[in-house]
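*Asks:* Just dropping this structure here.
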Amino acid sequence: MPRPYGGNTLTNNFIERSKIDKDLFILDIDKGQKKEIENIAFGIFSPLKGFLNEQDFTSVVKRGRLANDLPWTIPIVLDVNVELANKIKDSTQVALRTDGKIFGLMDIGDTFAFDKIESAKSVFQTDDPAHPGFQKYVSMKDTLIEGEVKVIVNDSDGSGSGSGSDDDKGISNNGSIENYSSTLNNFDEEFRMTPSQSRKTIQEQGWKSIVAFQTRNVPHVAHEMLQKAALNIYDGLFINPLIGKKKAGDFKDDVILNSYTVLIKNYYPKSRVIFSTLHTEMRYAGPKEAIHHAIMRQNFGCSHIIIGRDHAGVGNYYSPFAAHEIFKEYPELEIQPLFFPAFYFCKKCQGYFNERTCPHDQEFREELSGTKMRKMFSVGELPPSHLMRPEISQTILTYPRPFVE
Ligand SMILES: [Zn+2]
């Protein structure tokens, strides 16, 4: 198992609730940012312990590395408007709140302005306002705040239990306090894992090599064959669908989760697979996001990650192999990318093959495109069972609206 990214220790930023100062300023955080704060605190973005400072931000944007040279391609930042930035810039610490519940603390470092268009161009390699990642990025607020974040757990052993409720400790009269468990047991997010948890499982299984599979789709038989091709060679498989905000036309999170549950139950050797969800946003930054995806999976303990054609891409913004090429710029990454060619069903070969193993023309290949599937499911039609397992088609059909609108 590779070491945690960038060193030997995972970030584990928890604070006991009795240690919270009652008089802290409260900063409201949207749901998406809350997930990123959790990802920092749980160690998924190790070695980061908080939001980037100006020096690291500039370095990440300009050269895809932190100021200390460690590869890092996606800026992890907290944006606030200028007025709010002025209000909190002299605080040393603020409490973080979402949906009326305090869930964490942030040490306030420097605040700084940034050039949205220029930095977005560098991350997304386009300035087309129609690019969903670019669009979201340039609509950020004007000031970024640097600072370490922690999430709140119950006192005692650092692993809380039960969800929070109002009480006399901590910040009073400003909403209840949410408690995390360092093992995430109290989450309604059944399949979510921290890197500490996945590493423990990998160790218990005795796997030496484990392959991460990033997805934001329901599994076709082609995906299954790809994952199983990896399982022929490596010890374990870490299926890690990305749960979070996606674009219209993508499958909804529930649909993806239930499809995979059904697939693993019926078609996978359970002792060789970990299924866990990753709660972060798709940025559609193509190659740079592929590096980010690899870094997160190294933290989860994976030795390899499958990088697909046009990985984390959208539309025609990135060349199909840009996400492969970029790994050459980062030879020091411990997690190794696997560039499996995509599998398709070949009518001549009568099975699943790819360009390396089948000589037949396009006309013999059967693939399920997103467009084709959307069309079929919208009229209640099922894809043929050699392209999608019937259990999965049936699962999708139980949703009147399976796609993000
Ligand atoms: Zn063939």
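The values are calculated or read from the model by the stated rules, or taken from the named source; none is laboratory data. From a predicted model like this one, the values you see are computed outputs, not experimental measurements. Cβ sites come from the backbone with ideal geometry, for glycine too, and all protein chains shown count toward neighbours.
*Asks:* Of the conditions (1) more than 18 Å from residue 140 (Cα to Cα); (2) crowded, with 19+ Cβ neighbours inside 10 Å, residue 91 fails just one. Which one is it?
*Replies:* The failed condition is (2).
*Asks:* Among the numbered conditions (1) within 16 Å of the ligand (Cβ to nearest atom); (2) out of contact with any strand residue (DSSP E or B) (no Cβ under 8 Å at 6 or more places or on another chain); (3) charged (D, E, K, R), tell me where residue 347 comes up short.
*Replies:* The number of the failed condition is (2).
Yes/no matrix, rows are residues, columns are (1) modelled with pLDDT of 95 or more; (2) acidic (Asp, Glu); (3) on the phi > 0 side of the Ramachandran plot:
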site: 345; (1), (2), (3): yes, no, no
site: 352; (1), (2), (3): yes, no, no
site: 358; (1), (2), (3): yes, no, no
site: 377; (1), (2), (3): no, no, no
site: 402; (1), (2), (3): no, no, no
site: 405; (1), (2), (3): no, yes, no
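*Asks:* Which pairs turn up if I take residues in the stretch 319-338 that are at negative phi and of a type in the set (Ser, Thr, Tyr) and look for partners that are assigned to a strand (DSSP E or B) and at pLDDT 95 or above with beta carbon separation below 9 Å, at least 6 apart in sequence or on another chain?
*Replies:* 330/65; 330/71
*Asks:* Let me ask something else. With the condition kept exactly as written, say whether any residue in the stretch 367-386 is of a type in the set (Val, Ile, Thr) and assigned to a helix (DSSP H, G or I).
*Replies:* Checked against the condition, which is being of a type in the set (Val, Ile, Thr) and assigned to a helix (DSSP H, G or I), the stretch 367-386 yields at least one hit.
*Asks:* Any residue that is modelled with pLDDT under 90 and either assigned by TED's automatic domain parsing to the domain that holds residue 252 or within 16 Å of the ligand (Cβ to nearest atom) (or both) - is there at least one of those in the stretch 327-340?
*Replies:* yes
*Asks:* Which ones in the stretch 357-371 are surrounded by fewer than 10 Cβ atoms within 10 Å (Cβ to Cβ), away from the ligand (no atom under 13 Å from the Cβ) and closer than 14 Å to residue 342 by Cα?
*Replies:* Answer for the stretch 357-371, where residues must be surrounded by fewer than 10 Cβ atoms within 10 Å (Cβ to Cβ), away from the ligand (no atom under 13 Å from the Cβ) and closer than 14 Å to residue 342 by Cα: just 369.
*Asks:* Name the residues in the stretch 247-302 that are under 23 Å from residue 132 (Cβ atoms) and polar (S, T, N, Q), would you?
*Replies:* Once the filter is applied, which keeps residues that are under 23 Å from residue 132 (Cβ atoms) and polar (S, T, N, Q), the stretch 247-302 yields 277, 280.
Rundown of residues vs (1) under 19 Å from the mean Cα position of the chain (by Cα); (2) of a type in the set (Phe, Trp, Tyr); (3) surrounded by fewer than 17 Cβ atoms within 10 Å (Cβ to Cβ), yes/no style:
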position: 222; (1), (2), (3): no, no, no
position: 241; (1), (2), (3): yes, no, no
position: 275; (1), (2), (3): yes, yes, no
position: 295; (1), (2), (3): yes, no, no
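*Asks:* Does the stretch 387-400 hold any residues that are under 18 Å from residue 345 (Cβ atoms) and outside any helix (DSSP H, G or I), and which are they?
*Replies:* Matches in the stretch 387-400: 387, 388, 389.
*Asks:* Kindly indicate whether residue 300 is modelled with pLDDT of 95 or more and not assigned by TED's automatic domain parsing to the domain that holds residue 59.
*Replies:* Yes.
*Asks:* If residue 15 satisfies all but one of (1) part of a strand (DSSP E or B); (2) more than 25 Å from residue 200 (Cβ to Cβ), what's the number of the condition it fails?
*Replies:* (2)
*Asks:* Right, next: Need pairs with beta-carbon distance below 7 Å; first residue more than 17 Å from residue 49 (Cβ to Cβ) and within the stretch 60-71, second surrounded by fewer than 19 Cβ atoms within 10 Å (Cβ to Cβ); sequence gap 6+ or separate chains.
*Replies:* What qualifies is 61/122; 62/122; 71/65; 71/330; 71/332; 71/333.
*Asks:* Among the residues of the stretch 72-88, is there at least one that is of a type in the set (Asp, Glu) and part of a loop (DSSP other than H, G, I, E, B)?
*Replies:* Scanning the stretch 72-88 turns up no residue that is of a type in the set (Asp, Glu) and part of a loop (DSSP other than H, G, I, E, B).
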